[in-house]
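The values are calculated or read from the model by the stated rules, or taken from the named source; none is laboratory data. Treat the numbers as computed from the prediction; the structure is a model and nothing was measured. Here Cβ is always computed from backbone atoms with ideal geometry, including for glycine, and neighbour counts include all displayed protein chains. Accessible surface is based on the protein model in full, side chains and every heavy atom, while ligands, DNA and RNA are left aside. Shrake-Rupley method; radii C 1.70, N 1.55, O 1.52, S 1.80 Å.
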Amino acid sequence: MTVSDPEPLHVKAKICGIRSGDDLTKAHTAGAEAVGLICGVTHFSEDCLLPDEAKRLSTRAIELWGQGAVTRTLVTHEANPDTILGFAELIGVERIQLHGLIPDETVHAVMNHRDGREVYRAVHVTDLDGAGPADALDAALRAAEFGCAGVVLDTRTSDRIGGTGRVHDWTISRKIVEALAGTSTQVSLAGGLTPDNVREAIDEVRPHSVDVNTGVQEPGDLDKSATRCEAFTRIAHSWTYTDHPLHATFTEPKALLGAGAR
């Protein structure tokens, strides 16, 4: 690398559905750049926290990472802007992730009063309720038009709008990445990701970051697995780029050579 060469970037990792201090410690040890605290849900989630619980974990995150070294994320289904902003202020987060089935007016209101916080909007890549690829692309483009810092491409089912453990059509997600490449809105890929498929997922989609919840839990266990968190994050970080993730390259992590991601 010469003096004029830009510093390479890597695909970032977010561990979502944090439920305990132990989960936070595992995410920190793994090197994740962001953690998700779920608060205020309209659809089923085993990982929903009361505001005071989320605040306690948010404070603990700063003790582990240090101020400015982790993006604490409020993940909420709420549609009322005042409720959302109140949660963000109480819990203490750098990012608000609007993960619910919300109107554009909610996005506008949160953007206008976000007090410097990043706002990410969920885009559900699904064929439910007659929705199709064009609807997901349109939702992502609108989020960029509103000035959202990012979109989270996730899977939805009839009873869940996150934490489904199911992948969606990555070819649609790739088209969204390409459509947003000329904007400042980043793309985070979620939906059924695991240490076993995240390399392929990044190769197919080329997101700025990957977002995982159930994929780093042991089967039948809601607690995060230290081994799976570390494997997932290590693989994500092995994708590096200088201008945009569309041009990212993969370097095999030494710890995984000749071994599985588990």
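If you go through the range 187-220 one residue at a time, how many are in a loop (DSSP other than H, G, I, E, B), free of Cβ contacts under 8 Å to residues at least 24 places away in the same chain and among the charged types (D, E, K, R)?
Step one: of the range 187-220, the residues in a loop (DSSP other than H, G, I, E, B) are 190-197, 206-208, 213, 218-220.
Next, only the ones that are free of Cβ contacts under 8 Å to residues at least 24 places away in the same chain stay: 218-220.
Applying the additional criterion that residues be among the charged types (D, E, K, R) yields 218.
The qualifying residues number 1.
Would you check which residues across the range 95-110 are surrounded by 14 or more Cβ atoms within 10 Å (Cβ to Cβ), part of a helix (DSSP H, G or I) and not hydrophobic (A, V, I, L, M, F, W, C) and list them?
T106
Go through the residues of the range 53-60 one by one and say whether even a single one is among the hydroxyl-bearing types (S, T, Y), in a helix (DSSP H, G or I) and either touching a His at 6+ places or on another chain (Cβ under 7 Å) or under 21 Å from T106 (Cα atoms) (or both).
Going residue by residue through the range 53-60, those that are among the hydroxyl-bearing types (S, T, Y) are 58-59.
This time we only want the ones that are in a helix (DSSP H, G or I), so: 58-59.
Filter again for either touching a His at 6+ places or on another chain (Cβ under 7 Å) or under 21 Å from T106 (Cα atoms) (or both), leaving none.
No - not one qualifying residue is present in the range 53-60.
Residues G92, G66: which one is open to solvent by less than 40 Å² (accessible area, probe 1.4 Å) and without any contact (Cβ under 8 Å) to a residue 24 or more places away in the chain? It would help to see each step written out before you state the result.
Details: G92 fails: without any contact (Cβ under 8 Å) to a residue 24 or more places away in the chain.
Checking each option against the conditions leaves just G66.
Select from the range 187-228 the residues that are within 21 Å of G150 (Cβ to Cβ), open to solvent by 40 Å² or more (accessible area, probe 1.4 Å) and touching a Lys or Arg at 6+ places or on another chain (Cβ under 9 Å) and list them in ascending order.
Matches in the range 187-228: E204 only.
I'm trying to understand the selection: among the residues of the range 79-110, which are among the charged types (D, E, K, R) and closer than 16 Å to G17 by Cα? Spell out how you get there, then give the answer.
Start the filter on the range 79-110 by keeping residues that are among the charged types (D, E, K, R), which leaves 82, 89, 94-95, 104-105.
R95, the sole residue that qualifies.
Could you say which residue among T42, T25 is open to solvent by 10 Å² or more (accessible area, probe 1.4 Å), under 20 Å from the mean Cα position of the chain (by Cα) and more than 20 Å from S225 (Cα to Cα)? Walk me through how you get there before you give the answer.
On the way: T25 fails: more than 20 Å from S225 (Cα to Cα).
Only one candidate passes the filter, namely T42.
Criterion first (more than 18 Å from the chain's Cα centre (by Cα) and free of Cβ contacts under 8 Å to residues at least 40 places away in the same chain) does L50 satisfy it?
On the way: more than 18 Å from the chain's Cα centre (by Cα): yes; free of Cβ contacts under 8 Å to residues at least 40 places away in the same chain: yes.
The answer is yes for L50.
Residues of the range 161-186 being within 24 Å of P103 (Cβ to Cβ), open to solvent by 40 Å² or more (accessible area, probe 1.4 Å) and either modelled with pLDDT under 95 or part of a loop (DSSP other than H, G, I, E, B) (or both), which ones?
Hits for the range 161-186 are T183, S184.
Could you list all residues from the range 79-89 that are surrounded by fewer than 23 Cβ atoms within 10 Å (Cβ to Cβ) and under 24 Å from L141 (Cβ atoms)?
If the condition is that a residue be surrounded by fewer than 23 Cβ atoms within 10 Å (Cβ to Cβ) and under 24 Å from L141 (Cβ atoms), then A79, P81 are the ones that fit.
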